[in-house]
Amino acid sequence: MHRNLMPCLPAKVIQFAKYLLIGGAVSLSVQVMGQQPALSYYLPDISYDPQITTPAEFLGHEVGAWHVSHDRLYQYMLQLARESDRISVQEYARTYEARPLLLLTVTSAENQRNIEAIRTRHLAWCDPDQHIDFNQEKLPTVLYQGFSIHGNEPSGANAGMLLAYYLAAGQSQEVLTILDQVVVLFDPCFNPDGLQRFSGWVNSYRGQELVADPASEELHEPWPGGRTNHYWFDLNRDWMLLQHPESRGRVANFYAWRPNILTDHHEMGSNSSFFFMPGDQRRVHPLTPKRNQELTFAIADYHVKALDSIGSLYFSQQNYDDYYYGKGSSYPDMNGCVGILFEQASARGHLRETDNGLLSFPFAIRNHVNTGISTYRAAVGLRKELLEYQRQSFIDNVEEAKNFPVKAYVFQDKGDPVKVNRFIQQLSQQQIKIYHLNKPVTVNGVAYGEQAYIIPMEQTQYRVIRGLFETITHFEDSIFYDISTWTMPLAYNLQYATLDAKSFAGNLIGELASTTMPAGSIHGGQASYAYLIPWEGYFAPAVAYQLLEKGLHVRVNDEPLEGMVGMEKHRFAAGTLILPVPHQAMGATAMHHLVDSLCQAMGVDAYALNSGYTHPINLGSPNTSAIHLPRIALVIGEGIYGNDAGEIWFMLDHRFRIPVTLISSTDFNRLDLNRYTTLIIPDGSPRISQSGIDKLKEWVRGGGTLLNMEGAALWATSNGLAKVSRKKLGEEEDLDLPYGELGDYQRTRYIAGAIMQATMDLTHPLAFGYTRDKLPVFRRGNTLFDLPGNKNASPITYTDHARLSGYVPATYLPAMDGSAEVIVNQLGRGKVINYADDLNFRAFWYGTTKLMMNGIFFGSMISSNACERVGE
């Protein structure tokens, strides 16, 4: 049956209709409530199954009249799955706000009946060790389509409703061919929490008469906006990092099928047009095969035809790139798949004035629908080429590994098995095989033994291993859309090394590594005097908080000591938690059970001592100090970078289970700061009033601990709260460039994510828990700290020749040597700790998290002699 899709618009509606001249096409955009674009505005005029519910029938309005919320999008997908035998559906993850993420598998009814066999054959096709005994001509292309990973880029998710309907209900021969020859993995919304947050905002400001004025509140969402997930993370930087449930579930889907194409639908600035891959060819990651980009160009031909047919402006090969593998359009490129990015000029609300004229939300949706359909056509038209490239890429991986000089990586961290386990989990989720090291090996003077692991290079994920492990300092281009390096073992602060053919000889590969979280334990049974808990363990701060929250008294030593654990002498580094058994608000047996449960849950070890007579200091020595329950406030809101604030919130609240009060930078006048022991200002310049700044000064002078992150230290300095000098980078080169090259040149002067090496004074409280004095830190941006007058106030500095990996302008490198990573100030009785770099970068930079936690737990105990005094 042919469903009538032609618009039925009375003369009065036509009179009020506005026309958009965008890309040379005149497209109708009805702007009054009740006057909505018909389905035919978006979809081909073909026959559709009348038994399948249209989006308008489900929503009560046409797509684009309002922004769809995630809950309604979710329910419509379930409705289609109930009505169509072309669709099966599964929930693959839940967000932090408990919203479900759905994956629809869309293909012909015949394919659905054999879907597991198709999936199994496709995975065999991707395995170079598998003998292929089936007809390749019968193998469908696998396409993963995903939408609105940035929640405030909603045209993708709204287009998803239309594309899902098109596949479920379309009756044309083209649709039937697509369904027969393609398995579409359809992810209607990558970021449910962000989409829900944004849609609620923008719909609440929609009037009956649409307003295109850029000053309209509808077009200015409040901080932090809907781009990010619940904890304000950009999920389109997390594909490779896998720190969040949305990403872990999505990547599990990816490897369950290993698609041939993956598309990622976004929005960009309102004055732009429409972008599709390929990106800037100067900025393709060197590990990406050439054939990948050739196929990207071939797919682009289909988008050209689709957009030309509706007269939309577009561009490609500019602005965006395929370098950082943590993005949805680049991650597939190291996995035998072709990643495609779409960027549509954003209406943000329902209607907006732009340099190209009026831009309506329906128009933005329409472009995504058309390129979604053109991708189906590419998946059919290039099926043979895509499949051949995919299988050959994995065959090439194994062959290249055989000839590659690096035969394996080894890594370890003897004092922190939890951190190692998190690293193993991240690698395992990307199908990398990790093994226990079967026998000791020494590389560059470092012994790798029974607690070490090995990753052989000869496996299908060879290219992924290189992408995660290699450092890079030489680049074809010096402009980056995102970061220039992300070496994973450096991020985790692990000892690691490469093995060449000679070192790799012999039986070094043991059993497969387990991804199970290691449980800690109590050594020495039940203590009668004290439990000592080393600070080296990643979750030691979480244990400390739980003990203090239960009202227990906890101390920490500032010098190493030795004590008897049972019949054996054990050494404890400075920073060890000391939990006395007597004179506590909890009995000895209950305390033992509490410590034991915390050790098991947190992967931290504790040691039972039956005497306080330790050496060279005793447990009651003046060289031990009481620590107190931290009550933490985190400044958020206008002027603060949301991603940085979200990282800190996530670390404290989610990872360490330490509650943190979120306080708006504009609310200081009403706050009682005496409720808090610690206040953290993320990167940025908070909009705190002068009276609020005065109140903050009074609080610090009274003994509070203030942690300033990155640029916040300069803001604090300008307001008399800190004493930090910005370091001047190298002299700029004399410019003699054509006008057209000046913009790119300025972009080359920015440090777009590099890894620097810092050196630490391991006796300092901010370095407690570290066992090696060298530490990789993540550097992004050009704000560096000069060394303070009191050198003791900077216990962590960059080394000479500090760059380990990533792009840094050559003229900047000498100036970076010896820069201060941390500067400690004193203001009255309080401490101000200023950090130059992002210690929690994207939640995967495990190696520097402890620096922040040390500031929280031990900042107040830093000696005044090791501080630069504010005001002097």
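The values are calculated or read from the model by the stated rules, or taken from the named source; none is laboratory data. What you are looking at is a predicted structure, and each value in this text was computed from that prediction instead of being measured. We place every Cβ from the backbone using ideal geometry, glycine too, and count neighbours over all the protein chains shown. Please note that ligands, DNA and RNA were not included when accessible areas were found on the heavy atoms of the full protein model with its side chains. Shrake-Rupley method; radii C 1.70, N 1.55, O 1.52, S 1.80 Å.
In table form, for the structure just shown:
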item: Some residue of region 306-317 being free of Cβ contacts under 8 Å to residues at least 60 places away in the same chain, in a helix (DSSP H, G or I) and among the aliphatic types (A, V, I, L, M); result: no
item: Candidate set from region 216-274 (those that are part of a helix (DSSP H, G or I) and hydroxyl-bearing (Ser, Thr, Tyr)); member that is nearest to the chain's Cα centre (by Cα); result: Ser247
item: Qualifying position, being modelled with pLDDT under 95 and either among the basic types (Lys, Arg) or within 27 Å of the chain's Cα centre (by Cα) (or both), among Pro809, Pro776; result: Pro809
item: Those residues of region 813-832 which are assigned to a strand (DSSP E or B) and either among the β-branched types (Val, Ile, Thr) or farther than 16 Å from Phe858 by Cβ (or both), in sequence order; result: Ala820, Val822, Ile823, Val824, Leu827, Val832
item: Residue, farthest from Val777 (Cα to Cα), within region 798-841, restricted to residues that are surrounded by fewer than 22 Cβ atoms within 10 Å (Cβ to Cβ) and charged (D, E, K, R); result: Arg829
item: Checklist (1) open to solvent by 20 Å² or more (accessible area, probe 1.4 Å); (2) within 23 Å of Thr589 (Cα to Cα); (3) assigned to a strand (DSSP E or B) applied to Glu511, failing item; result: (2)
item: Matching entry among Asp396, Asp416 (being open to solvent by less than 40 Å² (accessible area, probe 1.4 Å), among the charged types (D, E, K, R) and modelled with pLDDT of 95 or more); result: Asp416
item: Output for region 858-872, where each listed residue is open to solvent by 10 Å² or more (accessible area, probe 1.4 Å) and either out of contact with any strand residue (DSSP E or B) (no Cβ under 6 Å at 6 or more places or on another chain) or in a helix (DSSP H, G or I) (or both); result: Ser860, Met861, Ser863, Ser864, Asn865, Ala866, Gly871, Glu872
item: Residue within region 566-574 that is within 36 Å of the chain's Cα centre (by Cα), in contact (Cβ under 8 Å) with a residue 40 or more places away in the chain, assigned to a strand (DSSP E or B) and over 24 Å from Asp653 (Cβ atoms) present; result: yes
item: Hey, Ala519 among the aliphatic types (A, V, I, L, M), outside any loop (DSSP other than H, G, I, E, B) and surrounded by 13 or more Cβ atoms within 10 Å (Cβ to Cβ) or not; result: no
item: Residue that is surrounded by the fewest Cβ atoms within 10 Å (Cβ to Cβ) [pool: residues in region 321-343 that are on the phi < 0 side of the Ramachandran plot and among the small types (Gly, Ala, Ser)]; result: Gly326
item: Complete set of residues in region 164-193 that are open to solvent by less than 10 Å² (accessible area, probe 1.4 Å), in contact with a strand residue (DSSP E or B) (Cβ under 7 Å, 6 or more places away or on another chain) and part of a helix (DSSP H, G or I); result: Ala164, Leu167, Ala168, Ala169, Pro192
item: Matching option when the condition is in contact with a Leu (Cβ under 9 Å, 6 or more places away or on another chain), open to solvent by 10 Å² or more (accessible area, probe 1.4 Å) and within 26 Å of Val700 (Cβ to Cβ), among His570, His628; result: His628
item: Sole exception among (1) modelled with pLDDT under 95; (2) of a type outside the set (Gly, Ala, Ser); (3) open to solvent by 20 Å² or more (accessible area, probe 1.4 Å) for Phe668, by number; result: (3)
item: Positions within region 60-96 being free of Cβ contacts under 8 Å to residues at least 24 places away in the same chain, on the phi < 0 side of the Ramachandran plot and not in a strand (DSSP E or B), in sequence order; result: Arg72, Gln75, Ala81, Arg82
item: Residue in region 66-86 that is more than 25 Å from Leu39 (Cβ to Cβ), among the hydroxyl-bearing types (Ser, Thr, Tyr) and either touching a Leu at 6+ places or on another chain (Cβ under 7 Å) or at pLDDT 95 or above (or both) present; result: no
item: Pair list, Cβ < 9 Å and 6+ apart or interchain, from region 687-708 residues that are on the phi > 0 side of the Ramachandran plot to residues that are open to solvent by 10 Å² or more (accessible area, probe 1.4 Å) and assigned to a loop (DSSP other than H, G, I, E, B); result: Gly703/Thr677; Gly703/Gly828; Gly703/Arg829
item: Qualifying residue in region 484-496 (condition: farther than 15 Å from Val406 by Cα and open to solvent by 40 Å² or more (accessible area, probe 1.4 Å)); result: yes
item: Subset tally (residues that are open to solvent by 50 Å² or more (accessible area, probe 1.4 Å) and either touching a His at 6+ places or on another chain (Cβ under 8 Å) or not aliphatic (A, V, I, L, M) (or both)) for region 299-320; result: 9
item: Residues satisfying the stated conditions in region 457-499, i.e. of a type in the set (A, V, I, L, M, F, W, C) and part of a loop (DSSP other than H, G, I, E, B); result: Met457, Ile472, Phe475, Ile479, Phe480, Ile483, Trp486, Leu494
item: Single match in Gly620, Gly642 (criterion: at negative phi, of a type outside the set (D, E, K, R) and without any contact (Cβ under 8 Å) to a residue 12 or more places away in the chain); result: Gly620
item: Qualifying positions in region 573-584 - open to solvent by 30 Å² or more (accessible area, probe 1.4 Å) and closer than 16 Å to Gln546 by Cα; result: Pro580, Gln584
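Condition check ((1) open to solvent by 10 Å² or more (accessible area, probe 1.4 Å); (2) under 30 Å from His67 (Cα atoms); (3) touching a strand residue (DSSP E or B) at 6+ places or on another chain (Cβ under 8 Å)) across all residues:
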{"residue": "Val369", "(1), (2), (3)": "no, yes, no"}
{"residue": "Asn403", "(1), (2), (3)": "yes, no, no"}
{"residue": "Val410", "(1), (2), (3)": "no, no, yes"}
{"residue": "Arg422", "(1), (2), (3)": "yes, no, no"}
